[in-house]
Every structure is written in C-alpha cells, then in structure tokens.
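Notes to accompany the following structure.
The values are calculated or read from the model by the stated rules, or taken from the named source; none is laboratory data. Model, not experiment: these values are computed from the prediction. With ideal geometry, Cβ positions are generated from the backbone for all residues, glycine too; neighbour counts draw on all protein chains shown. Remember, those area values only see protein heavy atoms, side chains included, never the ligands or the DNA or RNA. Shrake-Rupley method; radii C 1.70, N 1.55, O 1.52, S 1.80 Å.
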Amino acid sequence: MNKKAFVTKEQIEEIVKKYPTPFHIYDEKGIRENARKLKEAFAWNKGFKEFFAVKATPNPYLLKILQEEGCGTDCSSMTELMLSEALGFGKGDIMFSSNVTPAEEFVKARQVEAYINLDDYTHVEFLEEAAGIPDTIFCRYNPGGTFTLGTDIMDNPGDAKYGLTKEQMIDAFIKLQKKGVKKFGIHSFLASNTVSNEYYPALAKILFELAVELKEKTGANIQYINLSGGVGVPYTPDKEPNDILLIGEGVHKVFDEVLVPAGMGDVSIFTELGRFMLAPYGHLVTKAIHEKHIYKEYIGVDACAVNLMRPAMYGAYHHITVLGKEDAPCDHKYDVTGSLCENNDKFAIDRMLPKIDMGDYLAIHDTGAHGFAMGYNYNGKLKSAELLLKEDGSVEMIRRAETPKDYFATFDFSDILKDMKY
Ligand SMILES: *Cc1c(COP(=O)(O)O)cnc(C)c1O
C-alpha cells in the first residue's frame, strides 16, 4: 500500500504561521468515514456499540466527534471517567474496563452509570464493598495458553495479567446472580494490533462458545459480548489495511452458527477499539532542524519521543513522508532523531527517504492513537499542541502546547520557584 499523508506541504506552511511545529494533526473526515464504516459493518446486530478506548487519544474534541458518530467511551481510570462524564456520556455510553482498580474508581464508575467490567474474581467482593453491585455486570475472560490464528502465534494470554479463568467466570456468575445481578456481559482482549480480518471472528467464536457454556452452567442472562480492542492498522507500507466490512461479516457468521441456535440471538455486540478508530487519522508533524554526518547520517527534528513514544518504547515502525517530496526517490539512508539525551530517541533507523533539507516538514504517520497520549516529560521537554483538520479544510487547535508554567505547576504548593522567569 502506498502510504500518503493527509496534509500537503502547502497546507503545513500555512498552519505553521499560527501553530509552530511540532504538533499532532487529526483528519476529521477520515475519522468520521471510518467510524461510519465500523457501524455499517455491525449494522446486522441491533445493539451494536463501539466504546472508544479513551487511553488511545484522550482529547475531548475527538471524543465529541466519535460521540456524534454514535460511539461511547471505554475507560480505565478516574480521569477518563471524568472526561467522559464532562462530555455528556451517560448511562449505557461508558464501559469501565479497568484492572488493579482503586475503590474510588469503582465508586465513580457507578456514579456515572458505566458498565463495569470486572478483571478478577476477587473484584466481586471488592466492588460490593466499595460501591455495591449493579444489576448489569461484565467479566473479563482470560483463556490462558497462547492465542493463535492458523499457524501464527498472535499473543500469549497465559502470560497476561488480565481477566478470569473459565472456572472463575463460572463461579463469579453464580455468585453475582446471588448478589442480584440480572444481566451479564463477557469481554476478552487476546491480541493487540492484529492486521488480519480473522482476529475478531476467532475471538468472537471463543467468547460466543463461552457465553453458551456460561448460560448452560449458571443460568445467567448474558446480554452483551464485548470484543474489546485489538483490530490493528498497517503501520508499514507493505501491509494491507483490515477490511472492517469483512470483519463484521465474519463475526456475523459465527454469531449465526453459535449464538442463534443457543437461543441467544438477542445478544448485543460491543467493541472497544482505540487504534483502529484513530491511528491512521493522526500525523505528528515536525521540522528538520539539524543534520549530522558521523558514522551514520542523522536528521534531527524538533519533535522527540516525548511526542511519540512508540518507536523508542517498542521499536515500532512509523512511516515518514517528507512533505513536498512525495514523488522524489528514496535514495538517502537516515536515522531520524529527536533531542532527548537517550539514544533510543529515534523516529526511524536506517530509513530510506528522499534527500532531506533543513526546514523540510516531515509527517510521521499513524499517530492518531497511542501517540500523543503516551507522551511524557523526560528531559523537561514539553508536550505539543493537537490540531484538527476539519472537513471544510480549516484547522482548529484542540489542545494547546504545554508551556514551562504547566511543567512547573506541580511545585505551586511552595514558593521555591517564586523567582522563575517565564
Ligand atoms: C487498550 C485497550 C483497548 C484498545 O486497544 P486498541 O489496541 O487501541 O484497539 C480496548 N480495551 C481495553 C481494555 C484496553 O486496555
């Protein structure tokens, strides 16, 4: 696949007059079209709902767009619940899929009438004590072992900290019914960033069969099956994107094979996609400010791992377009680096790119999810602004850049920095 940036050099030259680099920019049109396609893919299921995983991109403006497209939110912390509440997500709109959950977060989740998704058997009593048991509850399933698609090992649930074993699911459902639960949901997240149309159908089969078994063994009324996140995006240009319509059909087929014959055709399908919803619709835009010729060729840019951590943290590939040089031959080999005093602060290693000149703008692709959000403040570097490229072509700032004042704000309890010159 030919990966094209959704902004041009000319657009960026206009934008930087008002908003200097680096910044993340999001494509509203792409976001809306993709959200509509997901809805279409699952239109066969009456109760279908996507709960966007807030941790991927916790920006209220983007959450509003997704809300307008019919999505809810998936939260796992106090601030994510607060953000959802402030934006008017209400009963039935919020999923709380947390783990190692503090008592006060269960209290908040109940207050905003979120669906609570328990990560452990012991959380039944923990929740009861902290906030009481609601009449609808979810439990997160961990099948253990390895998770394979065909011959590919996709991930290792047996090593993952999440979820209940099958025996615990059965016990929990019996116990929760005694405590007054009327409706149940089940959830599982078995592999991350799958670029395969087979993942959701395979996961659906596991969860649908489990639902039938749980119903038989416990008599529980299972109303919701949450396929969680994990549908991925092609970060590298050699991969083809997932076909969400095919994925929806694949889940539909398993639904008809497993749930319908068991008299469970009224079950609602939920998803908690993060990456799939937004990753391709964000770019980190940065300017080349230094070049360095030692044992390798380096291009230094004005963004760093603080703005996008995935390459430093996972060695993740993020495609780079040198804006204005889309059609130039990729005949130069560069390491593209940020300014942290950390040698892993490299957006690309040995990447073939067109010749980069100082002042060139680089669009780093697929930063719309797990991009800005993973940012940190190492080396005292500040987080960038976030901009929205709207459907009419105009640009709106949807988060301002951090200032030194923000960085030092946590010392405002004392006067030790009272002579700070801003
Ligand atoms: C992170 C997360 C998601 C979203 O994952 P993606 O890979 O972005 O789709 C969904 N549900 C839970 C519980 C998560 O932790």
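Residues of the stretch 325-355 being open to solvent by 50 Å² or more (accessible area, probe 1.4 Å) and β-branched (Val, Ile, Thr), which ones? Break it down stepwise before answering.
So the first thing to find is which residues in the stretch 325-355 are open to solvent by 50 Å² or more (accessible area, probe 1.4 Å), and the list is 326-327, 329-333, 339, 341-344, 349-350, 352, 355.
Across the stretch 325-355, the qualifying residue is only 349.
Can we say residue 230 is in contact (Cβ under 8 Å) with a residue 24 or more places away in the chain, out of contact with any Pro (no Cβ under 6 Å at 6 or more places or on another chain), on the phi > 0 side of the Ramachandran plot and more than 16 Å from the ligand (Cβ to nearest atom)? Explain how you work it out, then say what you get.
Details: in contact (Cβ under 8 Å) with a residue 24 or more places away in the chain: yes; out of contact with any Pro (no Cβ under 6 Å at 6 or more places or on another chain): yes; on the phi > 0 side of the Ramachandran plot: yes; more than 16 Å from the ligand (Cβ to nearest atom): no.
Here the answer is no, as residue 230 does not meet what is asked.
Looking at the stretch 215-222, can you tell me whether even one residue there is in contact (Cβ under 8 Å) with a residue 40 or more places away in the chain, in the same structural domain as residue 42 (by TED's automatic domain parsing), surrounded by fewer than 17 Cβ atoms within 10 Å (Cβ to Cβ) and over 23 Å from the mean Cα position of the chain (by Cα)?
Yes: the stretch 215-222 contains one or more residues that are in contact (Cβ under 8 Å) with a residue 40 or more places away in the chain, in the same structural domain as residue 42 (by TED's automatic domain parsing), surrounded by fewer than 17 Cβ atoms within 10 Å (Cβ to Cβ) and over 23 Å from the mean Cα position of the chain (by Cα).
Could you list, in sequence order, all residues of the stretch 43-95 that are away from the ligand (no atom under 14 Å from the Cβ) and in contact with a His (Cβ under 7 Å, 6 or more places away or on another chain)?
Correct list: 44 only.
Kindly establish whether residue 242 is under 30 Å from residue 117 (Cβ atoms) and of a type in the set (S, T, N, Q).
On the way: under 30 Å from residue 117 (Cβ atoms): yes; of a type in the set (S, T, N, Q): yes.
Judged against the criteria, residue 242 is a match.
Being surrounded by 16 or more Cβ atoms within 10 Å (Cβ to Cβ) and more than 16 Å from the ligand (Cβ to nearest atom) is the filter here, so list the residues in the stretch 25-34 that pass it.
The answer is 25, 27, 28, 30, 32.
What about residue 199, is it within 16 Å of the ligand (Cβ to nearest atom) and touching a residue at least 60 places away in the same chain (Cβ under 8 Å)? Steps first, answer last, please.
Details: within 16 Å of the ligand (Cβ to nearest atom): yes; touching a residue at least 60 places away in the same chain (Cβ under 8 Å): no.
So residue 199 does not fit the description; no.
Are any residues in the stretch 35-52 under 17 Å from the mean Cα position of the chain (by Cα) and open to solvent by 10 Å² or more (accessible area, probe 1.4 Å), and if so, which ones?
Residues of the stretch 35-52 that are under 17 Å from the mean Cα position of the chain (by Cα), as a first pass: 35, 38, 49-52.
Result: 49, single match.
Considering only the stretch 234-324, give the strands (runs of 3 or more DSSP E) lying wholly within it that have at least 2 residues that are under 26 Å from residue 365 (Cβ atoms), open to solvent by less than 30 Å² (accessible area, probe 1.4 Å) and more than 16 Å from the ligand (Cβ to nearest atom).
Working: elements: 268-271, 282-293, 297-301, 320-322.
In the stretch 234-324, 282-293, 297-301, 320-322 are the strands (runs of 3 or more DSSP E) which contain 2 or more residues that are under 26 Å from residue 365 (Cβ atoms), open to solvent by less than 30 Å² (accessible area, probe 1.4 Å) and more than 16 Å from the ligand (Cβ to nearest atom).
Tell me whether the stretch 136-153 contains one or more residues that are more than 16 Å from the ligand (Cβ to nearest atom), hydroxyl-bearing (Ser, Thr, Tyr) and buried (at least 16 other Cβ atoms within 10 Å of the Cβ).
yes
Go through (1) buried (at least 22 other Cβ atoms within 10 Å of the Cβ); (2) more than 16 Å from the ligand (Cβ to nearest atom); (3) touching a residue at least 24 places away in the same chain (Cβ under 8 Å) one by one and return the number of the condition residue 186 breaks.
Evaluating residue 186 over (1) buried (at least 22 other Cβ atoms within 10 Å of the Cβ); (2) more than 16 Å from the ligand (Cβ to nearest atom); (3) touching a residue at least 24 places away in the same chain (Cβ under 8 Å) leaves (2) as the failure.
Just checking, does the stretch 390-405 include any residue being more than 25 Å from residue 13 (Cβ to Cβ), out of contact with any helix residue (DSSP H, G or I) (no Cβ under 7 Å at 6 or more places or on another chain) and not in a loop (DSSP other than H, G, I, E, B)? Spell out how you get there, then give the answer.
Taking the stretch 390-405 first, the residues more than 25 Å from residue 13 (Cβ to Cβ) are 404-405.
Remaining after also requiring out of contact with any helix residue (DSSP H, G or I) (no Cβ under 7 Å at 6 or more places or on another chain): 404-405.
Keeping just the survivors that are not in a loop (DSSP other than H, G, I, E, B) gives 404-405.
Within the stretch 390-405, one or more residues are more than 25 Å from residue 13 (Cβ to Cβ), out of contact with any helix residue (DSSP H, G or I) (no Cβ under 7 Å at 6 or more places or on another chain) and not in a loop (DSSP other than H, G, I, E, B).
Of all residues in the stretch 382-422, which are in contact (Cβ under 8 Å) with a residue 24 or more places away in the chain and open to solvent by 70 Å² or more (accessible area, probe 1.4 Å)?
391, 397, 399, 407
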